[in-house]
Amino acid sequence: MHPLQCVLQVQRSLGWGPLASVSWLSLRMCRAHSSLSSTMCPSPERQEDGARKDFSSRLAAGPTFQHFLKSASAPQEKLSSEVEDPPPYLMMDELLGRQRKGCMAERLKEEILNREKMVDILAGPDAYRDLPRLLAVAESGQQAANVLLSLDETYADVMPVQTSASATSAFVSIMRGCDNMCSYCIVPFTRGRERSRPIASILEEVKKLSEQGLKEVTLLGQNVNSFRDNSEVQFNSAVPTNLSRGFTTNYKTKQGGLRFAHLLDQVSRVDPEMRIRFTSPHPKDFPDEVLQLIHERDNICKQIHLPAQSGSSRVLEAMRRGYSREAYVELVHHIRESIPGVSLSSDFIAGFCGETEEDHVQTVSLLREVQYNMGFLFAYSMRQKTRAYHRLKDDVPEEVKLRRLEELITIFREEATKANQTSVGCTQLVLVEGLSKRSATDLCGRNDGNLKVIFPDAEMEDVNNPGLRVRAQPGDYVLVKITSASSQTLRGHVLCRTTLRDSSAYC
């Protein structure tokens, strides 16, 4: 057995699984030496010798994006005689195994540190400033841990490095944490309370991305549209917060600060040729000023993620979502009136605590009524620390959850196909991402509604250079006439290369 496989066999027996988010987890690793038998594990003394040096070199090497893609792809069957050398960098599987899911560093601190004593350093997402001290403690031979959640850490002074020269889009984190305290959700306990970056630092990052030639930015946050910048004293007056009609909060209504509508306005002005998206929002934070801004600005995508979670008012109350089915449906109608042609997506949970067949039927009917373009559907899985864990009973059998989930997925696909087929015959603006994964003769990109669009790689006209024939490149805007649609993809043929500003005359 390879020495590395020996270590992994031990840690997998602990039942550790992949993380939804990992900031720092260091594991003592061992490497094969040419003098070692391939059927034996090295002794503890030999494992310790050089382990730190090996860990440092492999961590420094790091996987490339292609390595991540390879890791994420479906595993291929191998002959039993095949033996692969370990990659020259640390793999997620080596650190974590394959069983448990969820935010881990904060939730399982004691278990990670104490079982088998395999971890040297454990740090939560807000502890990066403390890493020098943690490393010093670990170098002295002690375990080091810091999983405390900050009330003000926003990473505002940490500018991401864009490493891919062919990238067309980027994510920009604008806030962290969540105050909603939905009964099923672990986020407030693993990411802390809401805190937002100063608008000035966000604009600086977006401007740099524009200068690098990127054509799309997605603003990120656990509750992105509740953004509130309180860094400027002059804006901290007692101005009330406007919520969506018929929605309430689980906390005392906040006042003052620069809100999401102001940020969206400023970001959209940085570069008229850069698309702006945002995720993940809460339905309660869509006041009219946000909807009006999305309608008016050509470069703010007409696509809104509107997590419903359930179609039953009774279940929504148990989830502490702050709205009824009726209020949610009214918001959907209002959004569609305010933003004609808007694309809607949503999240749904099947089999939440106490969900009856009637509750499930109401969720099915909501899927049919709204007819989302995209959806993210999951079977309920209870998390420790949540309100549901302490106060509700996970009483829907697993087989019932899975059956209901399958029904929701089937209905969603049927309705999404109908919704997407309304695009057939229309001309849409598409931001080219690159070659299609399934055909070397096709290109793929995304339309304003974030749907994937596939079209042949063919010569076309450039509207800004009459008579010039070009082929689309990643980062180009092209007009595509849609010829067919499924629940997930549109297909068409390319008409011409254009700009975001000029495309409004054709779409």
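The values are calculated or read from the model by the stated rules, or taken from the named source; none is laboratory data. In this text, all values refer to a predicted model and were calculated from it rather than measured experimentally. Don't worry about glycine lacking a Cβ; one is built from the backbone with ideal geometry, like all the others, and counts go over all protein chains shown. Each accessible area value is taken on the protein alone, full model and side chains, heavy atoms only, with ligands, DNA and RNA left out. Shrake-Rupley method; radii C 1.70, N 1.55, O 1.52, S 1.80 Å.
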Taking the Cα centre of segment 272-324 as origin and charging only Cβ (+1 Lys, Arg; -1 Asp, Glu), how large is the dipole, in debye to the nearest 20?
320
Qualifying trypsin sites (Lys or Arg not before Pro) in segment 414-507, DSSP loop, other Cβ atoms within 10 Å at most 15
Lys437, Arg438, Arg471
Using only protein heavy atoms and a 1.4 Å probe, report how much of Ser324 is accessible, in Å² to the nearest 10.
40
So the compactness index of segment 287-363, its C-alpha Rg divided by 2.2 N^0.38 Å, takes the value 1.25
Quick one: the Cα spread of segment 417-507 along its three principal axes, in angstroms, biggest first?
38, 30, 18
Considering the Cα positions of segment 329-483, please state its Rg to one decimal place and its Dmax as a whole number of Å.
20.8, 69
Given R₀ = 25 Å, what would the calculated FRET efficiency be for Glu414 paired with Ser439, taking r from the Cβ atoms and rounding to 0.05?
0.45
Nearest-0.05 FRET efficiency for Phe171 and Asn250 at R0 = 22 Å, using Cβ-Cβ distance, is 0.20
For segment 342-411, what's the radius of gyration and Dmax over Cα atoms, in angstrom?
12.8, 39
Which order do Cys426, Cys182 take when ranked by solvent-accessible area (1.4 Å probe, heavy atoms of all protein chains), largest first?
Cys426, Cys182
Report the label-to-label distance for Arg469 and His295 in nanometres (one decimal), using points 7 Å from each Cα along the Cα→Cβ vector.
4.4
Starting from the Cα-Cα distance between Arg314 and Asp462, subtract it from 0.36 nm times their residue separation and give me the gain in nm to one decimal.
47.8 nm
With +1 on the Cβ of every Lys and Arg and -1 on the Cβ of every Asp and Glu, the dipole magnitude of segment 226-363 about its Cα centre, in debye rounded to the nearest 20, is 300
Accessible area per residue of segment 362-482 at 1.4 Å probe, in Å²?
52
Over all pairs of distinct alpha carbons, what does the Kirkwood formula give as the hydrodynamic radius of segment 215-353, in Å?
15.9
Average projected area of the Cα convex hull of segment 235-316, in nm²?
6.5
Please report the orientation-averaged projected area of segment 178-284, defined via the convex hull of its C-alpha atoms, in nm².
7.7
For segment 322-368, what is the per residue volume of the convex hull drawn over the alpha-carbon atoms, in cubic angstrom?
90
Exposure ranking of His360, His493, His334 by accessible area [1.4 Å probe, largest first]
His493, His334, His360
Beyond 31 Å between alpha-carbons counts as too far, so tell me which of Lys254/Lys452; Lys385/Lys437; Lys284/Lys385; Lys215/Lys401; Lys215/Lys481; Lys437/Lys481 fall in that bin.
Lys254/Lys452; Lys385/Lys437; Lys215/Lys401
Relative pair counts by distance (%), Cα atoms of segment 429-470, 5 Å bins
6, 24, 22, 22, 18, 7, 1
Computed FRET value (nearest 0.05) for Ala505 with Ser140, which takes r as the C-beta separation and R₀ as 56 Å
0.25
